[in-house]
1. Which one of Asp406, Asp426, Asp416, Asp435 is over 26 Å from Ser471 (Cβ atoms) and crowded, with 17+ Cβ neighbours inside 10 Å?
2. Return yes or no: is Met470 surrounded by fewer than 22 Cβ atoms within 10 Å (Cβ to Cβ), in contact with a helix residue (DSSP H, G or I) (Cβ under 7 Å, 6 or more places away or on another chain) and assigned to a loop (DSSP other than H, G, I, E, B)?
3. Tell me which residues, restricted to segment 183-202, are assigned to a helix (DSSP H, G or I) and within 14 Å of Pro258 (Cα to Cα).
4. Select the helices (runs of 4 or more DSSP H) contained entirely in segment 306-371, then report the ones holding at least 1 residues which are surrounded by 15 or more Cβ atoms within 10 Å (Cβ to Cβ), at pLDDT 90 or above and of a type in the set (S, T, N, Q).
5. Among the listed residues Gly392, Gly384, which satisfies the condition of being closer than 18 Å to Pro258 by Cβ, assigned by TED's automatic domain parsing to the domain that holds Ala494 and small (Gly, Ala, Ser)?
6. In segment 399-445, how many residues are among the hydrophobic types (A, V, I, L, M, F, W, C), in contact with a strand residue (DSSP E or B) (Cβ under 6 Å, 6 or more places away or on another chain) and either modelled with pLDDT under 85 or part of a loop (DSSP other than H, G, I, E, B) (or both)?
7. Applying the selection to segment 27-63, what residues are modelled with pLDDT of 80 or more and β-branched (Val, Ile, Thr)?
Amino acid sequence: MPLAALAPDSGLVGLLYIVSFSLFIYGLRLGTHPTTARRGNGLAAVGMAIAVITTLLLQGIGNWGLIFAGILIGSIIGAVASKRVKMTEMPQMVALYNGLGGGAIALIAWSEYRHWVHIDKALSTSGEITSRQDLRELVEGSHLSIKVIPETFQIFGSVPLEVLIPTLFAMVVGSISFWGSNVAFGKLQELIPSQPMGLPGQKVINGLLLIGIIIGGVVLGVNNDLGDLSQPLFIAMLVAAAFLGVMVVLPIGGADMPVVISLLNAFTGLSAAAAGIALENTALIVGGTLVGSSGTILTLEMATAMNRSVANILFAGFGSPAGAGAGSQEERPHRSMTAQDAAIQLAYADSVVVVPGYGLAVAQAQHAVREMADELEKKGVSVGYAIHPVAGRMPGHMNVLLAEADVPYEQLKEMDEINPELPQTDVCVVIGANDVTNPAAKTDESSPIYGMPIIEADEAQQVLVLKRSMSPGFAGIDNDLFYHPKTSMVFGDAKQTVSDIVSELGEL
């Protein structure tokens, strides 16, 4: 028995959904600045709670035991995982949670389609329908177009195209997002190799899978009378979409994972919006559209920051290790210095710019970097931070790390803002940022990153690179900055090295 009975088309339901998606939008707006991001996240969560509760109170909702069990289990897992996850593993968690959203949408679409098939079979079973009241109770809310022969109560059911098309779209895109996000998670977690992986004729296979999905959708659209073969065909499309999601992401190198995560996030949002159209759920439509549009904009901006198209990122197989291996790196001369020497160089500078990268995240060095900046500022040194749009393993990764260490937001400068200032910068400190500082992007036409905008650290008067070794970055290519005449390497764990520099600064 339902706990409440709100009519789906009632004014109260519409008002509650308006309140919920208004909180989504306002929360997203507050999320654009670190000082208001936490409040914005909280408001968006309240909006989601209103949308969920409103939906649960609609007429016809049942299986309360399963619903509450799912909410309880999911809440416990989410809370524990979010508390325990390391900042370095945040991109993996984002990829995994995003994939779960897409998978949930695909399952919802499949469940709805099975519901329509079940209703259709019930309608066509003799003895099921003896009165118009039975008919009304059976088909209420089913979305089926019903054709009745009054004398015998023979029923013919079909799904209207305006419901079937968004359902198929939600299923296909949600399944692609789920499986693709799982592959991205595996690459980031190093459960599978981060370099491009593929089969012979990979693009042909992907093309055939896509064509098969399109043909299946057309067949279901033309013959939408829910015959015996409709559900097996729907399941076949679901499986084909799963294979397509895996096959599209596997050939993409780890260096492109931030863009892939953003794109798959957009896919999840679009599938949610499509499911909202099929279910006539306003909050789901608006929420999905917000995620889809913001994810699409972010994807395009990140591709622009890499001077590449989204198609190139998806199909070029970028990210393979360069032909020149570790042996060639050892043959190139480079300079190194100790933490004490680095501290002296920093103490006598007028301006310092820190370029954070994934190495900083791995070492959890953000708090030590903040302490170093505080010591330098006590000595009258101006300190800033250069943020590349695709530094780290997900969009905004460096911003989150530095915000956690309470680095003033005003000191964070985007690539286009900081590059003109670097020629007047005394010392540029690069911490684990390989590919986004590689001068080969400007000078070497044979380099796979040629043309990609970078943080022009080589333009500074002096460069300090804090790194464990001379190994290449996630793109698998050597960084010419390491061998630049202005550059000095400071080897060791970034957190320990920065802490040693802070200690030396305190004694100067």
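The values are calculated or read from the model by the stated rules, or taken from the named source; none is laboratory data. Nothing here was measured: the structure is a model prediction, and the numbers come from that model. For neighbour counting, all protein chains shown are included, and Cβ atoms are generated from backbone atoms with ideal geometry for every residue, glycine included.
1. Values: Asp406 fails: crowded, with 17+ Cβ neighbours inside 10 Å; Asp416 fails: crowded, with 17+ Cβ neighbours inside 10 Å; Asp435 fails: over 26 Å from Ser471 (Cβ atoms).
From the options Asp406, Asp426, Asp416, Asp435, the qualifying one is Asp426.
2. Working: surrounded by fewer than 22 Cβ atoms within 10 Å (Cβ to Cβ): yes; in contact with a helix residue (DSSP H, G or I) (Cβ under 7 Å, 6 or more places away or on another chain): yes; assigned to a loop (DSSP other than H, G, I, E, B): yes.
Taking the combined requirement at face value, the residue satisfies it.
3. Just the residues of segment 183-202 that are assigned to a helix (DSSP H, G or I), to begin with: 183-188, 202.
Passing the criteria: Val183, Ala184, Phe185, Gly186, Lys187, Leu188.
4. Details: elements: 310-315, 326-331, 339-347, 358-363.
The qualifying helices (runs of 4 or more DSSP H) are 339-347.
5. Numbers: Gly384 fails: closer than 18 Å to Pro258 by Cβ.
Just a single option satisfies the conditions, and that option is Gly392.
6. Residues of segment 399-445 among the hydrophobic types (A, V, I, L, M, F, W, C): 400-403, 405, 407, 412, 415, 418, 422, 427-431, 433, 436, 440-441.
If we keep only those that are in contact with a strand residue (DSSP E or B) (Cβ under 6 Å, 6 or more places away or on another chain) too, we end up with 412, 418, 427-431, 433.
Restricting the remaining residues to those that are either modelled with pLDDT under 85 or part of a loop (DSSP other than H, G, I, E, B) (or both) gives 433.
The qualifying residues number 1.
7. Passing the criteria: Thr36, Val46, Ile50, Val52, Ile53, Thr54, Thr55.
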